[in-house]
Each structure stands twice: as structure tokens, then as C-alpha cells.
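Beneath this line is the structure, given in C-alpha cells, with notes to follow.
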Amino acid sequence: MRLDKLQGNPYLLFTPGPLSTTAGVKAAMLKDQCTWDEDYNGFVQEIRERLVGLATKEIRDYTAILMQGSGTFCVESVIGSAIPRHGKLLVVINGVYGRRIAQIAEILNIDTVILDDGELMPPDLGKLENVLKKEPGITHVAAVHCETTTGMLNPIDKISEIVKKYDKVFIVDAMSSFGGIEFDVAKLKIDFLISSANKCIQGVPGFGFIIAEKDAVTGCKGRARSLALDLYDQWRTMEEHHGKWRFTSPTHAVLAFHQALLELEEEGGIKKRYERYRENQQTLLKGMQDIGFKSLLPLEYQSPIVTSFFYPESAMFDFKEFYNRLKACGFIIYPGKLTQLPTFRIGSIGDISAEDVKRLVETIKQNIFWK
Ligand SMILES: *Cc1c(COP(=O)(O)O)cnc(C)c1O
């Protein structure tokens, strides 16, 4: 295919990842690199440093590890490497991604307790405390920051307070929030934070990363239940070989991610990016409500990342048809993932502006054939 065709970008993605990336990020991939090359490994080291800098002011206490695969591979790497043979994991669940953590633990034969109050409420903190009180054998607690299933932003600070009151290791899936919402992993006493290249940092898919407290990573030595997903060994290799990955790394995706980090800084950092996402989300919500759509979550739980909307009540509404019409106009939205309620989702992250959101809403208005 000719280059000018490749550069044409037919769709804007209103999804929580992969998402629309800038021309700069895509252009960064037009170089081939060797995985053992010093310059390439230098990019990797710079990425690791920048990630720690974005995650905390306590940069000496934390380290960043990059891991091949999608976000789930990174979650599996942490769950499979952090919990010792006789450890026990508590998973706080209110959506698909929390359930996925429990499923990973089950497959890895890890003793697991779950706290699941359905998809529409934030975790019950009283229950969380009770479980930790009653089951002193629990060693690790895992929770999801932004539950992308619904768009709910979980109260990670309050969860952390309880987890640390009982002195447990705290694992956070911040896949869809890191880079788009400001917080400090040291302040929140997070031991392992997991995120992915193709979410709020606005890179392309291919790998994810873990930001971990240094002693927590060294504690993983010899615990891994998988060779390829051994978090400790991946970290040790990156440290000892100055940015070299153990196995073939997604070089093009890594270069794109490096560029994405530079662009995040140019935009003004996480605070500014948060403001843009929030404006996108507020513009979206207002526009959709004006058309007559109802959103799923009460405002107090709603993240600036992704919003779930109920299907309109008309029996004429067909999501597939709706999706295809928007796609034909250049907009990709996201199906729902709730187990019970008929909803679809629209993301507000990626290289999109409030103007793009307004165009999407206008297009939706013109395609509400169910009226
Ligand atoms: C995207 C996402 C993941 C990872 O999903 P992959 O498809 O493996 O990239 C995990 N947790 C949350 C909350 C997510 O949004």
C-alpha cells in the first residue's frame, strides 16, 4: 500500500483503547530497530524513567518494568509473580476487569477470596474491612482503579487506607486511568500498578507496564508461575542490561510509546490531559442527554475515561445498525460489556478534542433512526 494511503486515518476511535493516536506517534514507528541496540535500549530506559516520574515524586522507591503483550498479560505477570505459594489474594470486583483478575488467580491455583457487589456500585468498604479482619491469611489485595466495564472510578484512596491498615500488598489495575488521572503511587501506598501502552499515554498496542515498589519486585524472585511472564526476571534483565528485554520486544510500539510520552509532556502532563479528557466527557454527556440518552452511572462515580449509555427504549434500536452508521461517518464507538443491562459505551480518551466529541454527538443525532 502506498504511504499516503497508510497515513490517511479513516476513523476516530471513541473507545477506551486502542484509541486514536497522533500523527507523531504513528510516524515514530517508521523505523526498524534491533532489540540489543544501545540506542534502542536507551529509549527503553528513558521510558522506564519517565513512567516512574509520572507515577510518583518518590522516584527512588519505585521502578518500571515493561512487559510484552496486552494489559492482561501484565496483570497475569503481577498476579503470577507477586503472590507466594502460600499466599492468598483478595480481589475487589465490580466489573469484567476485576473478574478477570480473579480468573487469572484461579487458573494459577492461587488461593483467592472475592468481594463482588455487582457492577453498578463502588466496592463496599465496610465489607472489605470485615473480610480482611476475618481472614488474616490474605496477603495481597487487588483492585481496579477505573472499571472500564461501566466507566466507574473506584475510590482507590479509601481502598488503600483499609488495605494498608491490615498491612497487605496492594495491586492496582490502573489500565485505563494511568496517564489520564493524576495520583501518586507512593502516597496511595500501591505496591504494583499495572497499565498499558495503548490507553491514556496514547501509544499503540503491543506491551504494558508495571510500576512497582522496588522491594516488592525483588520479593518476587523465584515466585513466578510462568517463564515468559516472570516479572522479577524481566525487571532484573532490564536493570542489568540497561533497557534490554528478555525476549523480542515490540520495537515499533516502544518507539511510538516514547514519542507518546514526549507528547504527553508537551501537552502539559497528566493534569492537562485529565482536563482535556474531562472536557471531552462532559461535552459528550451533555450532548447525549440533550438528544435523550440516559447514562448508566450517577455522576459521583463517573470517570472522565468512558461513559456507558442505555440503549434507547424504542424497540427499533439495533446497536449493530447504529454502530455501522456511525462507522460509515468515521466514528467508532464501543459495545457494552455489562452482564445484565443493555448499554453501549463511548470513550473520551485518545487524540480527540471536545470539537470531535461535538461532531460525534451531531452525527449520533442525525442517525437516531429509532425515533
Ligand atoms: C484495557 C483494560 C485491561 C486490559 O485489557 P487488554 O485487552 O488485555 O489490553 C485491563 N483492565 C482494565 C481496567 C482495562 O481497561
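A few comments on the model shown:
- A single member of GLN282, GLN259 is in the same structural domain as ASP184 (by TED's automatic domain parsing) and open to solvent by 20 Å² or more (accessible area, probe 1.4 Å), and it is GLN259.
- Of all the numbered requirements in (1) under 24 Å from LYS158 (Cβ atoms); (2) among the hydroxyl-bearing types (Ser, Thr, Tyr); (3) out of contact with any Lys or Arg (no Cβ under 7 Å at 6 or more places or on another chain), TYR62 misses one, and that requirement is (3).
- Of the criteria (1) charged (D, E, K, R); (2) within 19 Å of the chain's Cα centre (by Cα); (3) in the same structural domain as GLN45 (by TED's automatic domain parsing), which one ARG273 fails: (3)
- Every residue from the stretch 156-182 that is on the phi < 0 side of the Ramachandran plot and within 15 Å of the ligand (Cβ to nearest atom): ILE156, ILE159, ILE171, VAL172, ASP173, ALA174, MET175, SER176, SER177, PHE178, GLY180, ILE181
- When restricted to residues that are under 23 Å from the mean Cα position of the chain (by Cα), closer than 23 Å to GLU279 by Cα and not in a strand (DSSP E or B), the stretch 326-339 contains 2.
- Condition met for ALA197 (near the ligand (Cβ under 10 Å from one of its atoms), outside the structural domain of ARG273 (by TED's automatic domain parsing) and either of a type in the set (Phe, Trp, Tyr) or buried (at least 22 other Cβ atoms within 10 Å of the Cβ) (or both)): yes
- Residues of the stretch 184-208 that turn out to be of a type in the set (S, T, N, Q) and assigned to a loop (DSSP other than H, G, I, E, B), as a count: 2
- Looking across the stretch 295-325, just one residue is modelled with pLDDT under 95 and crowded, with 19+ Cβ neighbours inside 10 Å, and that is PHE322.
- Within the stretch 70-108, the residues that satisfy the criterion of being among the hydroxyl-bearing types (Ser, Thr, Tyr) and within 12 Å of the ligand (Cβ to nearest atom) are SER70, THR72, SER77, TYR97.
So that you can scan it fast, the table gives a plain yes or no per residue for (1) over 25 Å from TYR97 (Cβ atoms); (2) touching a Phe, Trp or Tyr at 6+ places or on another chain (Cβ under 9 Å); (3) part of a helix (DSSP H, G or I):
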| position | (1), (2), (3) |
| --- | --- |
| PHE309 | no, yes, no |
| PRO312 | yes, yes, no |
| PHE317 | yes, yes, no |
| GLU321 | yes, yes, yes |
| ASN324 | yes, no, yes |
| LEU341 | no, yes, no |
| PHE344 | no, yes, no |
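Here is a yes/no grid of residues against (1) under 30 Å from GLU119 (Cβ atoms); (2) out of contact with any Leu (no Cβ under 6 Å at 6 or more places or on another chain):
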site	(1), (2)
TYR40	no, yes
PHE43	no, yes
ALA64	no, no
MET67	yes, yes
ILE83	yes, no
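- Within the set SER70, SER77, SER81, the sole residue that is open to solvent by 30 Å² or more (accessible area, probe 1.4 Å) and among the small types (Gly, Ala, Ser) turns out to be SER70.
- Condition met for VAL204 (within 16 Å of the ligand (Cβ to nearest atom) and free of Cβ contacts under 8 Å to residues at least 40 places away in the same chain): no
- Selection count, the stretch 142-168, where residues are open to solvent by 10 Å² or more (accessible area, probe 1.4 Å) and farther than 19 Å from GLY179 by Cα: 8
The values are calculated or read from the model by the stated rules, or taken from the named source; none is laboratory data. Computed from a predicted structure; not experimentally measured. Every residue, glycine among them, receives a Cβ derived from its backbone with ideal geometry; neighbour counts consider all protein chains shown. The accessibility values were calculated without ligands, DNA or RNA, using every heavy atom of the protein model including side chains. Shrake-Rupley method; radii C 1.70, N 1.55, O 1.52, S 1.80 Å.
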